[in-house]
1. In region 328-373, what residues are assigned to a loop (DSSP other than H, G, I, E, B) and either in contact with a strand residue (DSSP E or B) (Cβ under 6 Å, 6 or more places away or on another chain) or without any contact (Cβ under 8 Å) to a residue 60 or more places away in the chain (or both)?
2. Looking only at residues in region 331-355 that are buried (at least 22 other Cβ atoms within 10 Å of the Cβ) and over 23 Å from the mean Cα position of the chain (by Cα), which one is farthest from residue 164 (Cα to Cα)?
3. For residues that are in contact (Cβ under 8 Å) with a residue 40 or more places away in the chain, aliphatic (A, V, I, L, M) and touching a Leu at 6+ places or on another chain (Cβ under 7 Å), scanning just region 386-416, find the one that is farthest from residue 325 (Cα to Cα).
4. Please specify each residue of region 368-394 satisfying the condition of being surrounded by fewer than 21 Cβ atoms within 10 Å (Cβ to Cβ) and closer than 26 Å to residue 234 by Cβ.
5. Take the residues in region 23-75 that are over 25 Å from residue 107 (Cα atoms) and of a type in the set (A, V, I, L, M, F, W, C), then tell me which one is surrounded by the fewest Cβ atoms within 10 Å (Cβ to Cβ).
6. How many of the residues in region 212-260 are within 27 Å of residue 177 (Cβ to Cβ) and among the small types (Gly, Ala, Ser)?
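The values are calculated or read from the model by the stated rules, or taken from the named source; none is laboratory data. None of these values were measured; they are calculated from a predicted model. With ideal geometry, Cβ positions are generated from the backbone for all residues, glycine too; neighbour counts draw on all protein chains shown.
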Amino acid sequence: MISQPRISVIGLGKLGAPMAAVLASKGFAVIGLDMNDKFVAAINNGVAPVQEPQLQEFIDKSRSRLRATHSFEEAVHNSDVTFIIVPTPSDKERVFSNKYVVAAIRSIGQALRGKNGAHVVVVTSTVMPGSTGGEIQRELEEASGRKVGDELGLAYNPEFIALGSVVRDMLRPDFILIGESDEATGALLENIYKRSCDNDPVIRRMNFVNAELTKISVNTYVTTKISYANMLAEMCDHLAGADVEVVSAAVGSDTRVGSKYIKGAIGYGGPCFPRDNKAFAALGRKLGVRCDLAEATDAINDHQIERLIGAVQAHAAPGAKVAVLGLSYKPQTQVVEESQGVALAGKLSEEGYVVSVYDPLAMGGAETMLSDRVIFANDAFDALQDVQVAVVTTPWPQFAETRLWARRQAGSKLVVIDPWRVLEPTELAANVSLVRMGYGSRPNSGGVVNLRRALA
């Protein structure tokens, strides 16, 4: 086993750049590769190529060990292990396409023809079961002129991270998943993670297909928990005295369930959860396996926009001005892919509402998707001007600040719909009413307007 492997990372986007920076910060010599000139220049200039908390800090820590290139030959010849982190977009059948992975594999293979000694290729991009030991291995062997074995290792090693906390999640993962071609390849990767993780994660090593299935199974199970929590929250909307926070905390106390992701709020979004769940269901259909649970999870998730629309309609008719606060799919990221806030703003506009929107980071991406259908505010205060209803779709800390809601122009009433339950009624102006979704009607509820009562 190589005691101090040199590492190359193919793809310097929102996952690859943090991986390169984290590994370099732990003492590994890392060379990144990307076809994007700006990403390569940014890394070589010591600047984060993408927005992600802590990324710039870790690039600063690792300047002497981190560089970038456009050349596969340079990257492969100056490393012992190559990680591939490129997109695997969903195709029309909802399964992941390997076209970018295969393109990278071919280039890596061609570079290996001119290199002596062993090399390990690691696929970190999410792929469908059967891909690594099938198409990917065939393309690698054909391009390199080598067989996977003593001189060529192959692994499937996906990350379990969330945008907005990529660096933290890479440093302290719950577990490491390794699908390995052979014992030595798996041991090499295990050694890398033992050096790069701040915690001591469980490391699961297995064959390719088990690892591939594990990856999409984990995300599918998490989305099921989210949809279950949202179903529970909607039940609480309609039950006098019910409070989803109380119920979900108790349910999550059972170790058979666990507290993570049991928080009824809005639908899940982002670049992983929606597509992984659909890919899991598509795989089941292809194999002739019943995947009703995954399909029901999607159906409940799709329903969450209807639930939000219904909450708005209970307090304002079409033509009214409505604010949507939060366009990124979660806090601490600018990513708007499958964003519930963007979907809600677009749907409200279609229904005839005048919609103003704001997000601390995601305005650029949202403009591309929403165009001229909404009003893009300068800040949260601007977004709330002259609106009858405001919906908090992303729980950014800024939206829970007292100063945002403590003052309201006299005679101007505002209803705030809060599916995340981050606002406190005692901190609102007298003419601001709060709708805490997942919170059934009860006597003496103070400044809280309950959704059940509003929809009655």
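1. Selection gives 336, 351, 352, 353, 359, 360, 362.
2. Per the criteria, the residue is 353.
3. Here the answer is 387.
4. Correct list: 388 only.
5. Selected residue: 47.
6. Matching residues across region 212-260 total 6.
Residue-wise test of (1) farther than 24 Å from residue 330 by Cβ; (2) surrounded by fewer than 21 Cβ atoms within 10 Å (Cβ to Cβ); (3) β-branched (Val, Ile, Thr).
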residue	(1), (2), (3)
103	yes, yes, no
120	yes, no, yes
131	yes, no, no
144	yes, no, no
163	no, no, no
183	yes, yes, no
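Listed here are the residues, each with its yes/no results for (1) surrounded by 20 or more Cβ atoms within 10 Å (Cβ to Cβ); (2) of a type in the set (Val, Ile, Thr); (3) at positive phi; (4) assigned by TED's automatic domain parsing to the domain that holds residue 344.
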residue: 244; (1), (2), (3), (4): yes, yes, no, no
residue: 248; (1), (2), (3), (4): yes, no, no, no
residue: 260; (1), (2), (3), (4): no, no, no, no
residue: 267; (1), (2), (3), (4): yes, no, no, no
residue: 273; (1), (2), (3), (4): yes, no, no, no
residue: 287; (1), (2), (3), (4): no, no, no, no
residue: 293; (1), (2), (3), (4): no, no, no, no
residue: 297; (1), (2), (3), (4): yes, yes, no, no
